[in-house]
Amino acid sequence: MKLTLALDFGGTKLAAGLVNVDSREWLRYERRFSPVNGDANTDIEIMRSLIHSLLQGATPSAIGVSFGGPVDATTGTVRLSHHVPGWENIPLKSLLEKEFGVPTSVDNDANVAALGEQHFGAGQGYDSLFYITISTGVGGGWILNGKPWRGAVGMAGEIGHIVVEPAGPMCLCGKRGCVERLASGPYMAQNAKDILEKQPEGEDGQILRNLVGNNLNLLTGQLISEAATKGDNLAQAVLQKSAWALGIGIGNVANLINPQRFILGGSVTKAGETWWTVLQETARFTALPEVPLEIVPAALADDAPLWGAVALAQNL
């Protein structure tokens, strides 16, 4: 029995899955949250324990790894993580190959998720697609002519850092008004908090305030979606700004590369019907009328990077 081990180092979660070659179902699967004050060593230790729990003494034929940050896919070296300290220039491929003695492939999570959707999800039958993940951050992964396209130094697909509002708020990358700064979950929470701190209670945002007991530090992207569904005007405005920013990014990418399909995954895509409507309308308005535009949700949901890691390991 040939086994493939798939690992996903996300911004806030760690997941591992074991699958038989040619199978579409997990043999074993485990997921854990990364501790708030953790670092690269913490994540590696947690993942090591997940791996041993899954393998139960067996040896996989190959390991595929999805990592939430810039990766040199050629060497399997993690350049850094924007969300977890200590990942600067960590040779993750070498570490895993040394410990487990099997071929290991490592790539950025968006590239890997694009592979997952191409082989196992909403991208089956398409030879050009752009996968976008919108959660802790915003990233993208290309499949062109049936193969991953990583760019000259592996940085293709960074739709999160397309500037859509040059005078907008400052992003972690140092630029203003990036798609990620307006569309990602944590930044939506930050935007709502900034507004609420400047206005008195009783105005827009009261539903949001009630959800967190007026402790604005507890705001999350998920709570923004929840408050918007309950009719909170401020939450709805923040959510719509998120969809608008991503829609402009997608429309511009459609004009530039013209893929057959855009596939969207990540927690923010669960924000509800209004988010999707604003996104679709903005993207359609931004793209040229002659450019076909198909935007669909990821079929594999949060497991797209993990199934992509299977495809990466099996060199599909």
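The values are calculated or read from the model by the stated rules, or taken from the named source; none is laboratory data. These numbers were taken from a predicted model, which means no experiment stands behind them. Reconstructed Cβ throughout: ideal geometry from the backbone, glycine too, with neighbour counts over all protein chains shown. Accessible surface is based on the protein model in full, side chains and every heavy atom, while ligands, DNA and RNA are left aside. Shrake-Rupley method; radii C 1.70, N 1.55, O 1.52, S 1.80 Å.
Using Cα-Cα distances under 8 Å and only pairs 6 or more residues apart, what relative contact order does the range 1-70 have, in percent? Display every interim value, and only then the final one.
Details: 116 pairs, mean separation 29.7, N = 70.
Result for the range 1-70 is 42 percent.
When only the Cβ of Lys, Arg, Asp and Glu is charged (+1, +1, -1, -1), the dipole of the range 40-106 relative to its Cα centre reaches about 80 debye. Projecting the Cα atoms of Thr282, Ala298, Ala227 onto the dipole axis of the chain, where Lys and Arg carry +1 and Asp and Glu carry -1 at the beta carbon, places Ala298 farthest toward the positive end.
Computed over the alpha-carbon atoms, the range 187-276 gives an Rg to Rh ratio of 1.06, Rh here being the Kirkwood radius from the mean inverse distance. Model label sites at Trp149 and Leu218, defined 7 Å from Cα along the beta-carbon direction, differ in position by 4.6 nm. Between Glu294 and Val21, the distance separating the two model label sites (each 7 Å from Cα on the Cα→Cβ line) works out to 3.2 nm. Seen against the Cα atoms of the chain and their longest principal axis, helix 40-55 is set at about 60 degrees. With the highest mean first, a sort of the peptides 181-191, 257-267, 13-23 on other beta-carbon atoms found within 10 angstrom per residue produces 181-191, 257-267, 13-23. Accessible area per residue for the chain, computed on protein heavy atoms with a 1.4 Å probe, is 44 Å².
If you put +1 on each Lys and Arg Cβ and -1 on each Asp and Glu Cβ, how big is the dipole of the chain around its Cα centre, in Debye rounded to 20? Write down the numbers at each step before the final one.
On the way: 23 positive and 31 negative charges, 57 e Å.
Dipole of the chain, to the nearest 20 debye: 280 debye.
Taking the range 232-253 and a reference point 7 angstrom along Cα→Cβ of Thr277, the backbone N atoms nearer than 13 Å belong to 240.
Which parts of the range 296-316 would a label at Asp127 reach, counting a residue when its backbone N lies under 19 Å from a point 7 Å out along Cα-to-Cβ? Answer for this model: 316.
Taking the Cα centre as origin and putting +1 on Lys and Arg beta-carbons and -1 on Asp and Glu beta-carbons, what dipole magnitude results for the range 95-254, to the nearest 20 debye?
Details: 11 positive and 16 negative charges, 49 e Å.
The calculated dipole for the range 95-254 is roughly 240 debye.
Only lysine pairs 8 or more places apart, or on different chains, with alpha-carbon atoms under 26 angstrom apart are counted in the chain, and they number 19.
Sequentially through the range 288-299, phi angles give Karplus couplings (6.51, -1.76, 1.60; θ = phi - 60°) of 4, x, 7, 8, x, 9, 10, 10, 10, x, 4, 7 Hz, Gly and Pro residues having no value and appearing as x.
Only protein atoms count toward the accessible area here, which uses a 1.4 Å probe; on the chain, the carbon and sulfur part of that area reaches 52 percent.
Most simply put, the chain has about 60% antiparallel DSSP beta bridges, counting only bridges with both residues inside it. Taking 0.890 mPa s as the viscosity and 25 °C as the temperature, the Stokes-Einstein diffusion coefficient of the range 1-127 based on its alpha-carbon Kirkwood radius rounds to 165 µm²/s.
Between the helical axis of 304-313 and the longest alpha-carbon principal axis of the chain there is an angle of about 30 degrees.
Considering only Ile195, Pro35, Met170, whose Cα is most displaced toward the positive end of the charge dipole of the chain, charges sitting on Cβ of Lys, Arg (+1) and Asp, Glu (-1)? About the Cα centre, the residue reaching furthest to the positive side is Pro35. When only Cα pairs below 8 angstrom with a gap of at least 6 residues are kept, the range 17-112 shows a relative contact order of 25 percent. The mean sequence distance of close C-alpha pairs (under 8 Å, at least 6 residues apart), as a share of the length of the chain, puts its relative contact order at 19 percent. Computed from phi, the 3J(HN,Hα) profile of the range 115-121 under the Karplus parametrisation 6.51, -1.76, 1.60 (θ = phi - 60°) reads 4, x, 5, 5, 8, 10, x Hz, with x in place of Gly and Pro. Straightening the chain between Asp194 and Thr42 buys 51.5 nm, computed as 0.36 nm per residue apart minus the Cα-Cα spacing. Shown in residue order for the range 30-38 are the 3J(HN,Hα) couplings computed by the Karplus curve 6.51 cos²θ - 1.76 cosθ + 1.60 at θ = phi - 60°: 9, 9, 9, 7, 6, x, 4, 9, x Hz (x for Gly and Pro). Secondary-structure-derived ellipticity at 222 nm for the chain, considering helices only, amounts to -12000 deg cm²/dmol, per-run term -39500 (n - 2.57) for DSSP H runs with n ≥ 4. Packing-based ranking of 157-163, 108-114, 225-231 yields 108-114, 157-163, 225-231, ordered from highest to lowest mean Cβ neighbour count within 10 Å.
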